[in-house]
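Visitor: Following this message is one structure expressed as structure tokens.
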Amino acid sequence: MVKFLIQRPVAVITIFSILIVTGMLLLFRIPVSLLPNIDVPQILVKINYPQASASVVEENFTKRARESLAMLRGLKHIESQSSDNLGLISLTFDYSTPMNTAYLSVTEKLDRLAGAMPPTLQRPEVIRLNTSDIPVMRLQVIPSRQADYLSISDFTEKILKRRLEQIEGVSLVDIHGLRKSNIIIRPNRARLLALGLREQDVVTAVRQANREMSSLSVRDGFYRYFVKVNNNLDGADAIARLPIRLENGAVISLDQVANVEESTDTQTGYHFYNGSEALVVAIHKQPDSRMTDVVERVREMTALFTKDYPQARFELTQDQSFLMNAGIDNLYQDLFYGGGLTVLLLFLFLGNWQSPLLMSINIPISLAISVVFFYLFNISFNIISLSGLTLGIGMLIDNSIVVIDSITREEKSWHPRKPVLLRAPTA
């Protein structure tokens with residue numbers, strides 16, 4: 001193979017030129033992320049058990065699930081925790097365990113336990129841990145007035161979340177710090193008795209108004225139209241205006257016999273930003289997308305939010321692209337400063353210009369060819385891979401110095417200096 005390449009230099013130059021051009025073209029198609037997309041050998045099982053003490057959660061779920069999951073293949077460590085309203089089981093596997101198979105096994109074990117658990121118990125959540133679960137950045141939503149926190153929560157969930165999910169490269173948008181509202185109806189018993197009504201009449205009026213209507217199919221010649229009537233109640237004002245028919249045929253509104261008010265649901269946690277209660281929106285990217293592009297699109301969308309929605313302030317925090325850019329800057333620094341100083345030293349000490357020139361060309365060519373293999377093996381630009389490239393550049397420079405010095409010494413041994421004969425002066 002070496003003899004073939006030596007005898008055909010044109011073919012060698014062509015092959016390397018194709019690899020270099022291909023690497024430069026693929027440079028902007030390689031995914032960019034903070035960490036490589038690898039599965040962490042750990043699975044978390046979570047169960048929400050409302051209004052249950054820790055002992056009830058342990059007896060009805062945690063104990064049974066722990067005994068069943070302890071027989072999984074490749075399981076290295078299992079740990080469970082029971083608290084009021086919540087049960088957690090952490091499963092740690094060997095690094096050689098296929099996590100796809102382990103996830104299916106855990107799900108199957110829990111499905112078999114469903115018949116032995118209370119019917120009111122919710123289905124457990126099985127969560128796989130992955131390095132891509134780290135959000136690329138977080139958006140802080142701070143209401144201009146704390147009195148509008150409830151409306152800002154609804155606005156964030158219904159509008160901001162959907163607009164962020166439409167950004168190219170975004171896979172998941174998660175919101176923390178939301179407040180939910182409840183509509184409370186308190187019947188006025190005195191008025192109900194005066195009008196000959198019961199509390200059940202109020203319940204019946206609300207149920208009938210909130211009933212889902214079936215879809216209609218209308219055919220017009222060759223065309224068919226599907227019509228769906230949406231009559232879900234929305235807000236306390238709509239419920240207060242519901243009609244109630246009396247025995248004499250008269251119709252009154254529900255607010256005449258009951259008090260309808262909207263209240264905030266009981267909170268279990270809070271999120272504060274700079275001393276003010278706020279909402280935080282965690283933005284996750286797709287594994288095959290470039291982090292820098294996603295962050296730039298999110299910044300542009302945040303600027304539009306600030307302009308279109310003055311009822312809240314928006315700030316971006318915990319930008320993970322900072323570490324990514326730091327890794328790229330280190331690579332550039334090693335490439336330009338380290339390579340440049342090394343080539344300069346070689347010019348000074350080797351005594352020729354061919355070897356340093358060859359080495360200065362070799363470094364960018366090696367990087368361009370490395371990009372081709374990044375694309376073929378589906379490797380992203382991340383802190384780990386960039387650290388490997390940085391180490392590779394250092395090894396390339398060190399090995400080049402050793403090889404060039406060895407070649408120079410060998411060349412000198414092949415061409416020794418001819419001895420100079422000195423003649424004695426004649427009289």
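The values are calculated or read from the model by the stated rules, or taken from the named source; none is laboratory data. Computed from a predicted structure; not experimentally measured. Here the Cβ is made from the backbone with ideal geometry for all residues, glycine too, and neighbour counts use every protein chain on show.
Visitor: For the stretch 100-107, check the following and say yes or no: at least one residue is at pLDDT below 90 and in contact with a Pro (Cβ under 7 Å, 6 or more places away or on another chain).
Guide: So far as the stretch 100-107 goes, no, none of its residues is at pLDDT below 90 and in contact with a Pro (Cβ under 7 Å, 6 or more places away or on another chain).
Visitor: Among the residues of the stretch 251-260, count how many are in contact (Cβ under 8 Å) with a residue 12 or more places away in the chain and either of a type in the set (A, V, I, L, M) or farther than 21 Å from Gln200 by Cβ (or both).
Guide: Initial filter on the stretch 251-260 (in contact (Cβ under 8 Å) with a residue 12 or more places away in the chain): 252-260.
Right, trim to either of a type in the set (A, V, I, L, M) or farther than 21 Å from Gln200 by Cβ (or both) and you get 252, 254, 257-258, 260.
Going through the stretch 251-260 one residue at a time, the tally reaches 5.
Visitor: With respect to Glu199, is the statement that it is without any contact (Cβ under 8 Å) to a residue 40 or more places away in the chain and acidic (Asp, Glu) true? Show your work before the answer.
Guide: Working: without any contact (Cβ under 8 Å) to a residue 40 or more places away in the chain: yes; acidic (Asp, Glu): yes.
Answer is yes for this residue.
Visitor: When Glu262 is evaluated against the numbered criteria (1) in contact with a helix residue (DSSP H, G or I) (Cβ under 6 Å, 6 or more places away or on another chain); (2) in a helix (DSSP H, G or I), which criterion, by number, is the only one it fails?
Guide: It is condition (2) that Glu262 fails.
Visitor: Tally time: how many residues in the stretch 157-177 are closer than 24 Å to Asn274 by Cα, aliphatic (A, V, I, L, M) and either assigned to a strand (DSSP E or B) or not assigned by TED's automatic domain parsing to the domain that holds Val280 (or both)? Give the steps one after another, and end with the answer.
Guide: Kept after step one, since they are closer than 24 Å to Asn274 by Cα, are these residues of the stretch 157-177: 157, 160-161, 164, 173-177.
Restricting the remaining residues to those that are aliphatic (A, V, I, L, M) gives 160, 164, 173, 175.
Still in the list and also either assigned to a strand (DSSP E or B) or not assigned by TED's automatic domain parsing to the domain that holds Val280 (or both): 173, 175.
The total comes to 2.
Visitor: Now a separate question. What helices (runs of 4 or more DSSP H) completely inside the stretch 1-100 contain at least 3 residues that are touching a strand residue (DSSP E or B) at 6+ places or on another chain (Cβ under 9 Å)? Spell out how you get there, then give the answer.
Guide: Details: elements: 2-7, 9-26, 54-57, 63-69.
Per the criteria, 54-57, 63-69.
Visitor: Restricting the search to the stretch 105-156, which residues are part of a helix (DSSP H, G or I), of a type in the set (A, V, I, L, M, F, W, C) and within 28 Å of the chain's Cα centre (by Cα)?
Guide: We begin by selecting, within the stretch 105-156, every residue part of a helix (DSSP H, G or I); these are 105-116, 131-133, 146-156.
Retained after the next criterion (residues that are of a type in the set (A, V, I, L, M, F, W, C)): 106, 110, 113-114, 116, 147, 150, 152, 155.
Of everything in the stretch 105-156, those that are part of a helix (DSSP H, G or I), of a type in the set (A, V, I, L, M, F, W, C) and within 28 Å of the chain's Cα centre (by Cα) turn out to be Val106, Leu110, Leu150, Ile152, Phe155.
Visitor: Among the residues in the stretch 230-250, are any in contact (Cβ under 8 Å) with a residue 24 or more places away in the chain, touching a strand residue (DSSP E or B) at 6+ places or on another chain (Cβ under 9 Å) and assigned to a strand (DSSP E or B)?
Guide: So in the stretch 230-250, the residues in contact (Cβ under 8 Å) with a residue 24 or more places away in the chain come out as 233, 235-236, 239, 242-244, 246-247.
From the residues that got through so far, the ones that are touching a strand residue (DSSP E or B) at 6+ places or on another chain (Cβ under 9 Å) too are 233, 235-236, 239, 242-244, 246.
Among the residues that remain, those that are also assigned to a strand (DSSP E or B) are: 243-244.
There is at least one residue in the stretch 230-250 that is in contact (Cβ under 8 Å) with a residue 24 or more places away in the chain, touching a strand residue (DSSP E or B) at 6+ places or on another chain (Cβ under 9 Å) and assigned to a strand (DSSP E or B).
Visitor: Continuing with the same structure: Exactly one of (1) over 30 Å from Lys161 (Cβ atoms); (2) modelled with pLDDT of 75 or more is unmet by Gly327. Its number?
Guide: Every condition holds for Gly327 apart from (2).
Visitor: For the stretch 123-152, how many residues are at pLDDT 85 or above, closer than 30 Å to Asp111 by Cβ and surrounded by 15 or more Cβ atoms within 10 Å (Cβ to Cβ)?
Guide: Of the residues in that region, 2 qualify.
This table checks each residue for (1) of a type outside the set (Val, Ile, Thr); (2) surrounded by 13 or more Cβ atoms within 10 Å (Cβ to Cβ).
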position: Ile328; (1), (2): no, yes
position: Leu331; (1), (2): yes, yes
position: Leu341; (1), (2): yes, no
position: Leu345; (1), (2): yes, no
position: Gln354; (1), (2): yes, no
position: Ile365; (1), (2): no, yes
